[in-house]
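**Student:** Here you go, one structure.
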Amino acid sequence: MPSDAPALMWFRQDLRLRDNPALAAAARSGRPLVCLYVLDDAAAGDWRPGGASRWWLHHSLVSLTADLAKRRQTLVLRRGRADAAVRATAAEVGAAEVFWNRVHEPFAVARDTRLAAALQADGIDVRTFNGALLFDPGEITTAAGAPYKVFTPFWRACRAAGLPTDAGGDPGVLRMAGAVPASDALADWSLLPTQPDWAAGLRAEWSVGEDAAVARLDGFLDDALKGYGDGRDRPGVRGTSRLSPHLHFGEISPKRVVARTLDAAQAIGADADADKFLSEIGWREFSHTLLHATGDLHEANHQSKFDAFPWRDADDAFAAWSRGATGYPIVDAGMRELWATGWMHNRVRMIVGSFLVKHLLIDWRRGARWFWDTLVDADLANNSAGWQWIAGTGADAAPYFRIFNPMTQGARFDPDGAYVRRWIPEIAGLPDARLHAPWRASEAERAAAGVVLGETYPEPIVDHAAARERALAAFKSLKGAD
């Protein structure tokens, strides 16, 4: 094709300009550029973005559109099957090349493979890049060439392979295309909630887009990297990066996060804290490796012995859990934080997940579905691997007999009650020693705090000791349990 034939840049989970390898390669081609985003709910099926993710996606596309406009570029929006939309757009503009960064959900991989073959049959070159991870899934393997099943040796191998030290830069000049095809109107996609508009808490909590992601990383490195090793487990303080939604939507790359963190740690003498933080990036990598290796981590127990596990339906209990009305304050605070902000502290995710699958014996997949709809950082690999770790069904999972005690977890990680008091103000007047177990407060203490169990705050929906014994019995019923 002639040298002035356009290049089509297909944006996906890489809604940024900086450190975007596909965009940078498209710019280096010297061709005029057509930028495209496709909302493909069909390929994802039941795993299309949930409500909170759709809210984020809307605002991220607004931000990317504005950033591209500063480069005199237009973001073309199309809705439908991405393989058909990309192929049709490429034909419409006479594209010589199509560029994209790879994504790794099983349904996306199958679709993209078909699309690449179809484009090449049309005489269009396809160039794909790793823009979402430090390493492509399958790149880091054991000496035998197999995927790792345990996190620690996996992350050790990643570090030995070399972590990035270059934060990546600007893509350079983006040459304008002579004609840009018609675009959908973003508002017509109805990604934002309206009846009712439940997103007030999300708007208050989050700034969305590439500049917001960079600012959040800067703020974390300045204010919370030093001391992260301890602060990351305290939900009542701002001790974590909160970069997870920015990473999922690709508003910032993990390579940029790692490189900037290594630089900052060296400058302030926080190497141990940086190691802890970078291991969270490593867990994200490990989760994608597991999803790639299994293809069904989001739907099937990684350990097949759990296929016979006696899960309970327990609709009333699930409803209480999802509303933050279990009677266990640290659990309820987490679920209310999730509903209000679309996010939950990682330590609390483990506590609420353990409570669902072990105290209530409700299938981890049901919890994963709830998180999928309510989390702004809902990521198929991370969400699935995290829930399977909590449930004891996954690779390198917490053993099933590790059952979090919500009272001791609350007292340990929220000792001054800052987190619980923020999200459960109706029990804020209880003394610290009773805050995480209101039923243990004396009548006088509850009266002074205005707490009436069963009225102003629920009584526990299950007794911890009895639930623990029930869970252990269920685990021991499995063949091969140890």
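The values are calculated or read from the model by the stated rules, or taken from the named source; none is laboratory data. Not measured: the values here are computed from a predicted model. Glycine also receives a Cβ, built like all others from the backbone with ideal geometry; neighbour counts cover every protein chain displayed.
**Student:** Specify which of the listed residues (Arg18, Arg79, Arg48) is of a type in the set (Lys, Arg) and without any contact (Cβ under 8 Å) to a residue 12 or more places away in the chain.
**Tutor:** Arg48
Condition check ((1) surrounded by 15 or more Cβ atoms within 10 Å (Cβ to Cβ); (2) at pLDDT 95 or above) across all residues:
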position	(1), (2)
Ser190	no, yes
Arg203	no, yes
Glu210	yes, yes
Gly219	no, yes
Asp230	no, no
Leu243	yes, yes
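**Student:** Any residue in the stretch 450-457 that is crowded, with 18+ Cβ neighbours inside 10 Å, small (Gly, Ala, Ser) and either assigned by TED's automatic domain parsing to the domain that holds His359 or touching a strand residue (DSSP E or B) at 6+ places or on another chain (Cβ under 6 Å) (or both)?
**Tutor:** Among the residues of the stretch 450-457, not one is crowded, with 18+ Cβ neighbours inside 10 Å, small (Gly, Ala, Ser) and either assigned by TED's automatic domain parsing to the domain that holds His359 or touching a strand residue (DSSP E or B) at 6+ places or on another chain (Cβ under 6 Å) (or both), which makes the answer no.
**Student:** Could I ask something else about it? If only one of Gly334, Gly327 is surrounded by fewer than 24 Cβ atoms within 10 Å (Cβ to Cβ) and touching a residue at least 40 places away in the same chain (Cβ under 8 Å), which one is it?
**Tutor:** Residue meeting the stated conditions: Gly327.
**Student:** Oh, and also: Hand me the list of helices (runs of 4 or more DSSP H) wholly inside the stretch 248-348 holding 1 or more residues that are within 24 Å of Phe404 (Cα to Cα) and under 18 Å from the mean Cα position of the chain (by Cα).
**Tutor:** 271-294, 329-341
**Student:** Something else now. For the stretch 437-446, what are the residues that are aliphatic (A, V, I, L, M) and either surrounded by fewer than 15 Cβ atoms within 10 Å (Cβ to Cβ) or part of a helix (DSSP H, G or I) (or both)?
**Tutor:** Ala444, the sole residue that qualifies.
**Student:** Considering the stretch 258-285 alone, what residues qualify as being farther than 18 Å from Ser241 by Cβ and either among the aromatic types (Phe, Trp, Tyr) or not assigned by TED's automatic domain parsing to the domain that holds Asp233 (or both)?
**Tutor:** Correct list: empty.
**Student:** While we're on this one: Give me the residue from the stretch 396-436 that is touching a Lys or Arg at 6+ places or on another chain (Cβ under 6 Å) and farther than 25 Å from Val452 by Cβ and, out of that set, surrounded by the fewest Cβ atoms within 10 Å (Cβ to Cβ).
**Tutor:** Phe413
**Student:** Here's a follow-up. Looking only at the stretch 460-477, decide whether some residue is touching a helix residue (DSSP H, G or I) at 6+ places or on another chain (Cβ under 6 Å) and either over 26 Å from Pro310 (Cβ atoms) or among the polar types (S, T, N, Q) (or both).
**Tutor:** Checked against the condition, which is being touching a helix residue (DSSP H, G or I) at 6+ places or on another chain (Cβ under 6 Å) and either over 26 Å from Pro310 (Cβ atoms) or among the polar types (S, T, N, Q) (or both), the stretch 460-477 yields no hits at all.
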